[in-house]
1. Give the number of residues within the range B:55-84 that are under 16 Å from B:Lys45 (Cα atoms) and aromatic (Phe, Trp, Tyr).
2. Restricting to the range A:46-63, and then to whatever is free of Cβ contacts under 8 Å to residues at least 24 places away in the same chain and within 18 Å of A:Asp255 (Cα to Cα), can you tell me which residue is nearest to the other protein chains (Cβ to nearest Cβ)?
3. Which condition number in (1) more than 21 Å from the chain's Cα centre (by Cα); (2) acidic (Asp, Glu); (3) more than 10 Å from chain A (Cβ to nearest Cβ) is the one that B:Asp69 fails?
4. Select from the range B:22-59 the residues that are more than 30 Å from B:Leu179 (Cβ to Cβ) and either within 16 Å of ligand 2 (Cβ to nearest atom) or crowded, with 22+ Cβ neighbours inside 10 Å (or both) and list them in ascending order.
5. Do you know which residues across the range B:98-133 are within 14 Å of another protein chain (Cβ to nearest Cβ), in a helix (DSSP H, G or I) and among the charged types (D, E, K, R)?
6. Identify, please: which residue in the range B:139-163 is touching a Lys or Arg at 6+ places or on another chain (Cβ under 9 Å) and assigned to a loop (DSSP other than H, G, I, E, B) and is, among those, farthest from ligand 2 (Cβ to nearest atom)?
7. Condition first: at pLDDT 95 or above, more than 12 Å from every other protein chain (Cβ to nearest Cβ), more than 16 Å from ligand 1 (Cβ to nearest atom) and assigned to a strand (DSSP E or B). Can you find one or more residues in the range B:12-26 that meet it?
8. In this structure, does B:Arg143 turn out to be more than 20 Å from B:Val88 (Cα to Cα) and more than 16 Å from ligand 1 (Cβ to nearest atom)?
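The values are calculated or read from the model by the stated rules, or taken from the named source; none is laboratory data. If you're wondering where the values come from, they're calculated on a predicted model, not measured in any experiment. Here Cβ is always computed from backbone atoms with ideal geometry, including for glycine, and neighbour counts include all displayed protein chains.
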Amino acid sequence: MHGIFTIFRKEMEDHFSSIRFLLISALIVMVGVIIASMVGMGIQEESKGMAKPTFLFLWLFTSTGKLFSFVQFIGFFGPLIGIFLGFDSINRERVSRTLSKLLSQPIYRDSVINAKFLAGVAIIAIVLVAIVLIISGLGIRLIGVVPGSEEVFRLVIYLIASILYIAFWLGISILFSVIFRSTATSALASLAVWIFFSFFLGLGAGFMADAVAPIGQSGTGVDPSAVIKHEQVQRTISLFSPMTLYNDATTTILDPLRKTTRSLILMGPMERLSLSRFQSPLPLLQSLFIVIPHLVSLVAISFLCFGICYLVFMRQEIRTV
Amino acid sequence: MENQAIIEAEGLTKKYGHQIVVNHLNLQIREGEVFGFLGPNGAGKTTTLLMFLGLTEPTSGKVSVIGFDPTRDPFHVKEKVGYLPENVGFYDDMDARQNLQYIARLNRIPDKISGGRIDESLKVVDLIEEVGKKVGTYSKGMRQRLGIAEVLIKEPKLIFLDEPTIGLDPDGTNRMLDLIHSLSREKNITIFLSSHLLDQVQRICDRVGIMIKGNLVAMGPIEELAKKKLGVDKEDYTLEEIYMKYFKEA
Ligand SMILES: Nc1ncnc2c1ncn2[C@@H]1O[C@H](COP(=O)(O)OP(=O)(O)O)[C@@H](O)[C@H]1O
Ligand SMILES: [Mg+2]
């Protein structure tokens, strides 16, 4: 335990004094503040003289405004934060020949990888909590609404999901930093995985769905059951993507008017009807029920990823050639 | 000098795939001696050191270092044994004191105690003047001496040095060798050093072992090996000559 704590402390000091950390936080704060101000001022204009709708406060995070919402921004940029924080964590010490020295101290070998992972997660948590607080403060000033306890709770769940999501990417990049000796290679490999999941998996899901359940253009029109099958295949495949898991989870938890993570096409007619007729927000508990499978999947893939990383590191030759 | 064995290896073997890198090594190192582990590049010296520290698992055979089995109990070995890897690295953006402080903390030495120890070991290696500079600015010789200072922080009973003079100029080499010698004499630390530069280290070693292609082909005081290989009458033998003889036979 002592080893973990000492390495954790050094890693945190390294992060805080690094230009990398400065750039990441500066970028997030800048984008977060710009988005929140735009959205906040928009809400202020629109809701003048009207009764404030429920969950107005959460709009700060979910409303797309002119560009994109804060939630979308983290969904896209979050993986890059994880990758930046981890891509050179092990191989940097290999290149500088400090790894074998570190491991010849009286510490357990897994302390090194555990401490580095934990320090990365701590940094992610600090950055995210800080920016959410900044946006909230800004929002309270701009729209004059104080978040209720339910909104706060939803934000907390959003934060947990985001930390898990970025931690997954941290795990991916640390894994590559264990496997590859060169920091450039591990950075590129992590980016390649990110590109694969964010762009090609969506495309690939479409192609797969076309192949497995083609929607035939017969004379009578489109067969509804084929459309449903097509959609199901596409969704199942894209559920393998952490992006999809995360986006579904966060939009549901922050947007209480959304009642399902499924797309409209998959709903039955009654379901669709009830959705349009009864525009009351979903209670917190119900929202939770919907996103819990997503959260569990996020936890599972993050742990799986870190677990692989751990095993590879523990079995690896440490010699620095 | 005591006669208790501080390192004992019996039939120690390491294979990488089919390649036998260390072949049935039998070795006993006595407490307090300076042992030179010599042999050309690729002979298996580093691999042997890594097995002694529990950083690589032996394929077969037994080892005991300061009374512990490094494979099963690396923790206790690393607590009392210092290791200076070949071309040791440092955190270049930190200064000497910060580097040593980190190592001290990893060894669970409280900051109150480590402060004094750090100064003391930096004095021993003659780096106390440069303590505030970033280690990235150090010369090769200074880095190597800082490595020794770092190893001294945990007050080891035994130190493994892997090629401690590699890449040093003649002046730096002599300085390094004198330093190692003084550690042995003044602090009574057992030294196990590996090198392929035979003529350099012979002057400070009590005994040497010659390793060629994974086999320990000879072991003993240098004079004894000279007697055996070169004949008694030869006066100014060098280890190089003895070594070349073994090398040709291998
Ligand atoms: N991880 C490894 N996998 C395969 N072969 C290795 C590995 N590490 C070292 N070797 C081989 O073991 C032999 C001995 O290496 P080493 O112990 O470093 O020699 P020395 O330190 O005496 O120069 C070399 O031939 C090297 O190629
Ligand atoms: Mg070597």
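1. The qualifying residues number 1.
2. Residue satisfying both the conditions and the ranking: A:Trp59.
3. That leaves (1) as the condition not met.
4. Hit for the range B:22-59 is B:Pro58, nothing else.
5. Within the range B:98-133, B:Arg105, B:Asp111 qualify.
6. The extreme case among them is B:Glu155.
7. Yes, that holds for at least one residue.
8. Here the answer is no, as B:Arg143 does not meet what is asked.
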